[in-house]
Structure formats: C-alpha cells, structure tokens
Amino acid sequence: MPLKSTKRTLRRCMHKLVREKKLDHITIAEICEAAGIGRRTFYRYYTDKYVLFEDMYIHYYFNKLELDENSGLYDIYSGLIRQMYDEKELFSHTIKSKGQNGFWELLTKLIYPKINATLTSDPKIDEMKGFYIRRDIEISLHLIELWINRGYDWSPDEMCEYIRFCNAIHGKWEYQLAMKRPPDPYSFDSFKKDEW
C-alpha cells in the first residue's frame, strides 16, 4: 500500500475503533487487524497508537474547526463542543483519556498556542501566563467531561455559555481575592443579563 493510502486506512480504522471503546483499551494488534496490515507496517508510519490517534483527530476534527487569526477561546470551545455533540460515541470514549498521551493533553497542545497568541505579552507575567492558560483549559475540559457524563443534557450553545460563565466567575473571584475584596454573589441569570 502506498504511504497516503496506508495512513488514510490507519486513520479510518482508529476512528472506527475509538467509537467502540476507550482509546486506552485499543491495542496495536486490533488496529493492525482492522487495517489488514502487520505490526512492522504500523510502526513504519506511527510510533504508537497515541500518535495515530493524534493524526486521526487533527485530520478528521481539529483541522475542520472554522478558525482564523481572529478566533478567540470561546470560538475554539464552541467548535469543539459542537463536534463532541455530533460525535457522541467517539468523544464519550476519548474524553476519559487523560494524562500523558491522552486526549486532554492533545487538546491542551492544540488549543494553548491559539489562546497564547491572543493575549498580551509582559515579561513579568509571561512565566505565569502559561500556567493560567493550561489551568483554564483543564477547568473547561472538566466541565465538558461532566456534560458528556450527564449524557449531553444541554445543547452545544448552552454548554458554551456555561463554560464562559464558569471561567468568568472564576476570573472575577480570583481578582476579588487578590484585591482583598469580598466575592460578589453570582447567578447564571445575572451573568446572561450582564448584570454583574
């Protein structure tokens, strides 16, 4: 099989398998059997299943997000959430893959530079900026995981709005605590009406 054809077949097989089971439970042997190739051929193209998954995810999903240089954080989340809603089986399996080589790490790797590019740079805060960007991505992924585990009980638009609310509230609390001010009372309704 030529290079492009083999890679396309492997991506397609990974896509099918990850709809059926968690990424961590998929084996190289299963991928090879589904693709009709030997292990040596697999390793000619990918170092492990996680690199194949990353290639599949970027090719089938991330590159299809309609993002440009003006896209902000919530444009990214909106696109991701819509994809997750449309591909419930696949993402209910992948969202559970955390840690090194997991889906969370992959999303962080893909989202981080896009967010970082939209923020100002200051030598005194740049060291900490990376930490806060990663923390905000992790918080959002936790909220998305809860939504998926509840069976996608909100529409994608409602979920995006909820993530914006949680991040805004968290940011405001952080500011108030840093400035030694008591935290304001908040509600989702007051946030939606921009009354806080």
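Which residues, taken from the range 34-55, are over 21 Å from Glu105 (Cα atoms) and either aliphatic (A, V, I, L, M) or surrounded by 12 or more Cβ atoms within 10 Å (Cβ to Cβ) (or both)? I'd like the intermediate steps shown before the answer.
Applying the first criterion (over 21 Å from Glu105 (Cα atoms)) to the range 34-55 yields 34-45.
Hits for the range 34-55 are Ala34, Ala35, Ile37, Thr41, Phe42, Tyr43, Tyr45.
Please verify whether Ile137 is of a type in the set (A, V, I, L, M, F, W, C), in contact (Cβ under 8 Å) with a residue 12 or more places away in the chain and closer than 18 Å to Gln83 by Cβ, treating the condition exactly as stated.
Numbers: of a type in the set (A, V, I, L, M, F, W, C): yes; in contact (Cβ under 8 Å) with a residue 12 or more places away in the chain: yes; closer than 18 Å to Gln83 by Cβ: yes.
Considered against the rule, which asks whether it is of a type in the set (A, V, I, L, M, F, W, C), in contact (Cβ under 8 Å) with a residue 12 or more places away in the chain and closer than 18 Å to Gln83 by Cβ, Ile137 comes out as yes.
Looking for whichever is in the same structural domain as Ala168 (by TED's automatic domain parsing), in a helix (DSSP H, G or I) and surrounded by 18 or more Cβ atoms within 10 Å (Cβ to Cβ) here; the options are Ile31, Ile76. Which one fits? Talk me through it step by step, then tell me what you get.
Values: Ile31 fails: in the same structural domain as Ala168 (by TED's automatic domain parsing).
Criteria check complete, one pass: Ile76.
Does the range 162-175 contain at least one residue that is more than 26 Å from Tyr85 (Cα to Cα) and either surrounded by fewer than 11 Cβ atoms within 10 Å (Cβ to Cβ) or touching a residue at least 40 places away in the same chain (Cβ under 8 Å) (or both)?
no
Taking the range 19-55 only, how many residues are over 18 Å from Ser5 (Cα atoms) and in contact with a Leu (Cβ under 8 Å, 6 or more places away or on another chain)?
Looking only at that region, the number is 4.
State whether one or more residues within the range 124-144 are outside the structural domain of Tyr46 (by TED's automatic domain parsing), in a loop (DSSP other than H, G, I, E, B), modelled with pLDDT under 85 and at negative phi.
Of the range 124-144, the ones outside the structural domain of Tyr46 (by TED's automatic domain parsing) are 124-144.
Narrowing the set further to residues that are in a loop (DSSP other than H, G, I, E, B) leaves 124-125.
Those left that are additionally modelled with pLDDT under 85: 124-125.
Filter once more, so that each one left must be at negative phi: 124-125.
Yes, the conditions are met somewhere in the range 124-144.
The values are calculated or read from the model by the stated rules, or taken from the named source; none is laboratory data. These numbers were taken from a predicted model, which means no experiment stands behind them. Virtual Cβ from ideal backbone geometry, glycine too; neighbours counted across all protein chains shown.
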